[in-house]
Amino acid sequence: QVQLVESGGGLVQPGGSLRLSCAVSGSIFKIYTMGWYRQAPGKERELVAVTTSVGTTNYEDSLKSRVTISRDNDKNTVSLQMDSMEPEDTAVYYCNADVAQTRWSDALNYWGQGTQVTVSA
């Protein structure tokens, strides 16, 4: 099995910064795309940022000036640095990854359990 565990969520003041991390563990042959999504109350889950195994990144247009995604392929981790945070960033943030468990198997998509981020004074 494959597990994704997020950490780093919490309460941050407007204008502040936060760094989320996600560790992928379990039976892993290769991790392809890794990313972060978020879901605010009453809204659909939306993309924040993704990164491929070769380092290509893609950001939600409205967030790209304030967030940076990075990954460590040796440690099977992906991180999200968020700066100049706004109350509208309040949401549950989810880690996502496409993981192949063997060299012969297709990659499957996995989600973490989510971590709450609240931006408030």
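The values are calculated or read from the model by the stated rules, or taken from the named source; none is laboratory data. Fair warning: this is a prediction, and the values are worked out from it, not measured in the lab. Every residue, glycine as well, gets a Cβ built from its backbone with ideal geometry; the counts of neighbours run over all protein chains shown. The accessibility values were calculated without ligands, DNA or RNA, using every heavy atom of the protein model including side chains. Shrake-Rupley method; radii C 1.70, N 1.55, O 1.52, S 1.80 Å.
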Can you find, within the stretch 9-30, the residue that is nearest to SER120 (Cα to Cα) among those that are of a type in the set (S, T, N, Q) and either in contact with an Asp or Glu (Cβ under 9 Å, 6 or more places away or on another chain) or open to solvent by 60 Å² or more (accessible area, probe 1.4 Å) (or both)?
GLN13
Filter the stretch 97-107 down to residues that are part of a strand (DSSP E or B) and open to solvent by 10 Å² or more (accessible area, probe 1.4 Å), then give me how many there are.
1
Selection from the stretch 76-95 of residues under 20 Å from ALA40 (Cα atoms), open to solvent by less than 10 Å² (accessible area, probe 1.4 Å) and assigned to a strand (DSSP E or B) yields LEU80, MET82, ALA91, TYR93, CYS95
Tally up the residues in the stretch 108-121 that are outside any strand (DSSP E or B) and more than 14 Å from the chain's Cα centre (by Cα), please.
2
Being open to solvent by 50 Å² or more (accessible area, probe 1.4 Å) and either out of contact with any strand residue (DSSP E or B) (no Cβ under 8 Å at 6 or more places or on another chain) or not hydroxyl-bearing (Ser, Thr, Tyr) (or both) is the filter here; which residues of the stretch 45-64 pass it?
ARG45, GLU46, VAL54, THR56, ASN58, GLU60, ASP61, SER62, LYS64
Looking only at the stretch 74-90, count how many residues are without any contact (Cβ under 8 Å) to a residue 60 or more places away in the chain and within 18 Å of THR52 (Cβ to Cβ).
5
Before we move on, is GLY42 within 15 Å of ASP83 (Cα to Cα), surrounded by fewer than 20 Cβ atoms within 10 Å (Cβ to Cβ) and not acidic (Asp, Glu)?
no
Which of the residues that make up the stretch 108-121 are open to solvent by 50 Å² or more (accessible area, probe 1.4 Å) and in contact (Cβ under 8 Å) with a residue 60 or more places away in the chain?
LEU108, TRP111, GLN113, GLN116, SER120, ALA121
